[in-house]
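A quick write-up on the structure given underneath.
Just so it is clear, none of the values below were taken in a lab; they were calculated from the coordinates. Owing to the predicted nature of the structure, the values given are computational and were not obtained by experimental measurement. Quick reminder, even Gly has a Cβ in these numbers, built from the backbone with ideal geometry, and neighbours come from all protein chains shown.
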Amino acid sequence: MKFVRDTHISSYDTWFQQNADAAWGHRNARGLMGQDWSAQTDIGVLQAWDCSSAVVLLEAISGP
């Protein structure tokens, strides 16, 4: 995403937003998002690494 932003390529903006919306829309009751953004995130034990990509994406699309 940094490369796309730094080179002013806007054709991926919609794709990034759709991925962020999918991750957010499938978070569990605790607000956690796993690595599979096509299904509801499990309420069981989650690994930090599995949850981090959604958080990074949400942060990146809301940044400058």
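Overview of values
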{"read-out": "In segment 2-20, the residues that are under 25 Å from residue 40 (Cβ atoms) and either in contact (Cβ under 8 Å) with a residue 60 or more places away in the chain or surrounded by 12 or more Cβ atoms within 10 Å (Cβ to Cβ) (or both)", "value": "16, 17, 19, 20"}
{"read-out": "Cross-chain or 6+ apart pairs with Cβ under 6 Å, segment 29-55 first and touching a residue at least 12 places away in the same chain (Cβ under 8 Å), then assigned to a helix (DSSP H, G or I) and charged (D, E, K, R)", "value": "34/50; 35/50"}
{"read-out": "Residue within segment 48-64 that is surrounded by 12 or more Cβ atoms within 10 Å (Cβ to Cβ) and assigned to a loop (DSSP other than H, G, I, E, B) present", "value": "no"}
